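> Before we start, here is the structure in question, set down as structure tokens.
The values are calculated or read from the model by the stated rules, or taken from the named source; none is laboratory data. These numbers come from a predicted model, not from an experiment. Ideal geometry is used to build each Cβ from the backbone, glycine not excepted, and the neighbour counts take in all protein chains shown. For accessibility, only protein heavy atoms count, side chains too; no ligands or nucleic acids. Shrake-Rupley method; radii C 1.70, N 1.55, O 1.52, S 1.80 Å.
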Amino acid sequence: MILTMVVFAVAVVLWVCTPLDDTLVALAAVVALLLFGVLPASALEVLGGSTTWLLIAAFVLARGVSDSGLPARLAASLVGRAKSVRGLAHLTAFALLLTAFLVPSTSGRAALALPVHRELRVNARVSRALGVLFPSVILLTAVGTLVGAGAHLITSALLEEATGEGIGFGQWLLLGLPLAVVSAHVTAELVLWLFTSRADRKRALVVDAPTVEFAAPGGTVGTAVPTRTLTSAETTSLGILAAVSIGWITEPWHHVPPEVVALAGAVAITSPRLGTTTLKAALADIPWSLLLFMAATTMLGTALVRSGAADSLGTLINPEHLLLTVISVSLLAHLVVQSRSARSSVLVPIVIPLALAAGMNPAALAFASTAAAGFCHTFSSSAKPVALFAHTYRPRDLLTLSLFLAPITGVLVLACSVFLWPHLGLPLK
């Protein structure tokens, strides 16, 4: 147990205080635990486990959907309907929410949204406000789906390891989507209030549907302009995506594992005649470093649970007002640990034994922690989507937003935990 805590503490210090690659640090920590016998060699099965395969298949699907031009059409079509700056902000928030179901990566969604932002030219204040809005909504709406962030898969895997039951795609969607929707539109109103004038918000405008760049098969770059009818590639990708989503949601009835459903969709979308991309192009698009990092941090979290180190760390936290403490710590964790996956691997193994000791539902507290940890807006270095849009706003704009958005996010997660999620099958006790 002591060895696990030492290795884990060293890993956290290296993540926080050094420029070393996060994945390298995580893998080195896993190697140390394997060498000292804390983790059995069989723990390496996570590298080829269901969670890893689910994410690989999700990235292949995302490449196929992106290559079809469907996300670009969706974003451009919705934004092109705006009649005022306020309408533009809310349509943008809604469009970005929908992309969470198309691209299983917050940084990928941010890259997809950058060309859209470039086309939205109103005035300097509005452009700066949208520069803050885009990454903020992308980060907060990831909670709407299990594959919205690697941290979600880590949370589910750690819950399954500790309690025998994780959180499936359908249940995550049921729990996370309401929070994602509310967070998106609350953030839109907050950004408008902070960074635009009353005249800006009421200003009528006509926004031409943006021309959006997207990666086409073969590595070329194409453009997407909304037309009245879907192309055959868009229809195909939409049908495959719908079939996969339905398969995930209906898992309790047909019992086909979600990674199998995802792999079937990945094969379909890369098939020679039906598909919209090639398997070679899709595999080249997979962030293998992220997958290794996620697998390694999952193993670190598993070591904390199995060795009993998490129970010892949990004694440092006052069990009274446990839910509020978990949410508050999770909101602030991005100031110390920048990686969303690393935050879950640190927090969730501590939250689970704390919940059990307090007679609370570990899944409820782990979900609340993961949802709150999605807030990482304080600095441009806090998350990749924020960094990608750093040239569109001033650093103080992000700090100003964070001062208001952090407590709002905390209140939303707390309210959902107490008043909404218990009615959706996730009671606190």
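> Looking at L61, L20, L14 in this structure, which one is modelled with pLDDT of 75 or more, surrounded by 14 or more Cβ atoms within 10 Å (Cβ to Cβ), of a type in the set (A, V, I, L, M, F, W, C) and farther than 30 Å from T187 by Cα?
Values: L61 fails: farther than 30 Å from T187 by Cα; L20 fails: surrounded by 14 or more Cβ atoms within 10 Å (Cβ to Cβ).
Step by step, each of L61, L20, L14 is checked, and only L14 is modelled with pLDDT of 75 or more, surrounded by 14 or more Cβ atoms within 10 Å (Cβ to Cβ), of a type in the set (A, V, I, L, M, F, W, C) and farther than 30 Å from T187 by Cα.
> Look through the stretch 168-196, keep the residues that are buried (at least 24 other Cβ atoms within 10 Å of the Cβ) and β-branched (V, I, T), and return whichever of them is nearest to A373 (Cα to Cα).
The extreme case among them is T187.
> Does any residue in the stretch 319-341 that is over 18 Å from S417 (Cα atoms) come within less than 7 Å, Cβ to Cβ, of a residue that is polar (S, T, N, Q) and open to solvent by less than 80 Å² (accessible area, probe 1.4 Å) six or more places away or on a different chain, and which pairs are these?
If the second residue must be polar (S, T, N, Q) and open to solvent by less than 80 Å² (accessible area, probe 1.4 Å), the pairs left are H334/T378; H334/S382; L335/T378; Q338/S381; Q338/S382; S341/T297.
> Please work out which residue is modelled with the lowest pLDDT, limiting yourself to the stretch 269-279 and to residues that are within 25 Å of the chain's Cα centre (by Cα) and more than 24 Å from S77 (Cβ to Cβ).
Kept after step one, since they are within 25 Å of the chain's Cα centre (by Cα), are these residues of the stretch 269-279: 269-270, 276-277, 279.
Of the ones still in play, those that are also more than 24 Å from S77 (Cβ to Cβ) are 270, 279.
Numbers: T270: 85, L279: 81.
This residue is L279.
> Going by what's in this entry, would L130 be described as among the hydrophobic types (A, V, I, L, M, F, W, C), within 18 Å of the chain's Cα centre (by Cα) and surrounded by 18 or more Cβ atoms within 10 Å (Cβ to Cβ)?
Spelling it out, it is not the case that L130 is among the hydrophobic types (A, V, I, L, M, F, W, C), within 18 Å of the chain's Cα centre (by Cα) and surrounded by 18 or more Cβ atoms within 10 Å (Cβ to Cβ).
Here is a yes/no grid of residues against (1) touching a strand residue (DSSP E or B) at 6+ places or on another chain (Cβ under 6 Å); (2) modelled with pLDDT of 65 or more; (3) farther than 30 Å from L24 by Cβ:
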{"position": "E213", "(1), (2), (3)": "yes, no, yes"}
{"position": "W248", "(1), (2), (3)": "no, yes, yes"}
{"position": "E251", "(1), (2), (3)": "no, yes, yes"}
{"position": "V261", "(1), (2), (3)": "no, yes, yes"}
{"position": "D285", "(1), (2), (3)": "no, yes, no"}
{"position": "R306", "(1), (2), (3)": "no, yes, no"}
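> Among the candidates F404, F367, single out the residue that is of a type in the set (F, W, Y) and open to solvent by less than 30 Å² (accessible area, probe 1.4 Å).
On the way: F404 fails: open to solvent by less than 30 Å² (accessible area, probe 1.4 Å).
That would be F367, the only listed residue that is of a type in the set (F, W, Y) and open to solvent by less than 30 Å² (accessible area, probe 1.4 Å).
> Any residue at all in the stretch 83-105 that's more than 27 Å from T229 (Cβ to Cβ) and under 20 Å from the mean Cα position of the chain (by Cα)? Can you show your working first?
Restricting attention to the stretch 83-105, the residues satisfying the condition of being more than 27 Å from T229 (Cβ to Cβ) are 84-86, 89, 104-105.
Then keep just the ones that are under 20 Å from the mean Cα position of the chain (by Cα); that gives 104-105.
Looking through the stretch 83-105, at least one residue is more than 27 Å from T229 (Cβ to Cβ) and under 20 Å from the mean Cα position of the chain (by Cα).
> Output the residues belonging to the stretch 109-127 that are open to solvent by 10 Å² or more (accessible area, probe 1.4 Å), more than 20 Å from T99 (Cβ to Cβ) and either part of a helix (DSSP H, G or I) or modelled with pLDDT of 80 or more (or both).
Across the stretch 109-127, the qualifying residues are A124, R125, S127.
> So which of V6, V46 ends up being at pLDDT 75 or above and among the β-branched types (V, I, T)? Give the derivation first.
Working: V46 fails: at pLDDT 75 or above.
Among V6, V46, only V6 is at pLDDT 75 or above and among the β-branched types (V, I, T).
> Within the stretch 138-202, which helices (runs of 4 or more DSSP H) (wholly inside it) include 1 or more residues that are within 25 Å of L88 (Cβ to Cβ) and free of Cβ contacts under 8 Å to residues at least 12 places away in the same chain? Explain how you work it out, then say what you get.
On the way: elements: 150-163, 169-195, 198-202.
Output list reads 169-195, 198-202.
> Okay, next question. What is the residue count in the stretch 220-242 for residues that are open to solvent by 60 Å² or more (accessible area, probe 1.4 Å), modelled with pLDDT of 80 or more and either part of a helix (DSSP H, G or I) or in contact with a strand residue (DSSP E or B) (Cβ under 8 Å, 6 or more places away or on another chain) (or both)? Lay out the reasoning, then the answer.
If we filter the stretch 220-242 for residues that are open to solvent by 60 Å² or more (accessible area, probe 1.4 Å), which is where we start, we get 220-221, 223, 225, 227-232, 235, 238.
Checking which are modelled with pLDDT of 80 or more leaves us with 231-232, 235, 238.
Among the residues that remain, those that are also either part of a helix (DSSP H, G or I) or in contact with a strand residue (DSSP E or B) (Cβ under 8 Å, 6 or more places away or on another chain) (or both) are: 232, 235, 238.
So the count comes out to 3.
> Condition first: open to solvent by 30 Å² or more (accessible area, probe 1.4 Å) and of a type in the set (S, T, Y). Now tell me which residues in the stretch 326-355 satisfy that.
Applying the first criterion (open to solvent by 30 Å² or more (accessible area, probe 1.4 Å)) to the stretch 326-355 yields 328-329, 332, 335-336, 338, 340.
Passing the criteria: only S328.
> Restricting to the stretch 357-394, and then to whatever is of a type in the set (S, T, N, Q) and either in contact (Cβ under 8 Å) with a residue 40 or more places away in the chain or touching a Lys or Arg at 6+ places or on another chain (Cβ under 7 Å) (or both), can you tell me which residue is farthest from L194 (Cα to Cα)?
Looking only at the stretch 357-394, we keep the residues that are of a type in the set (S, T, N, Q), and these are 361, 369-370, 378, 380-382, 392.
With either in contact (Cβ under 8 Å) with a residue 40 or more places away in the chain or touching a Lys or Arg at 6+ places or on another chain (Cβ under 7 Å) (or both) added as a condition, the list becomes 361, 369-370, 378, 381-382, 392.
On the way: N361: 38, S369: 27, T370: 27, T378: 15, S381: 22, S382: 21, T392: 16 Å.
By that ranking, first place goes to N361.
> Check off (1) in contact (Cβ under 8 Å) with a residue 40 or more places away in the chain; (2) under 25 Å from E259 (Cα atoms); (3) open to solvent by 10 Å² or more (accessible area, probe 1.4 Å); (4) part of a helix (DSSP H, G or I) for V103 and give me the number that stays unchecked.
Going through (1) in contact (Cβ under 8 Å) with a residue 40 or more places away in the chain; (2) under 25 Å from E259 (Cα atoms); (3) open to solvent by 10 Å² or more (accessible area, probe 1.4 Å); (4) part of a helix (DSSP H, G or I) one by one, V103 breaks only (4).
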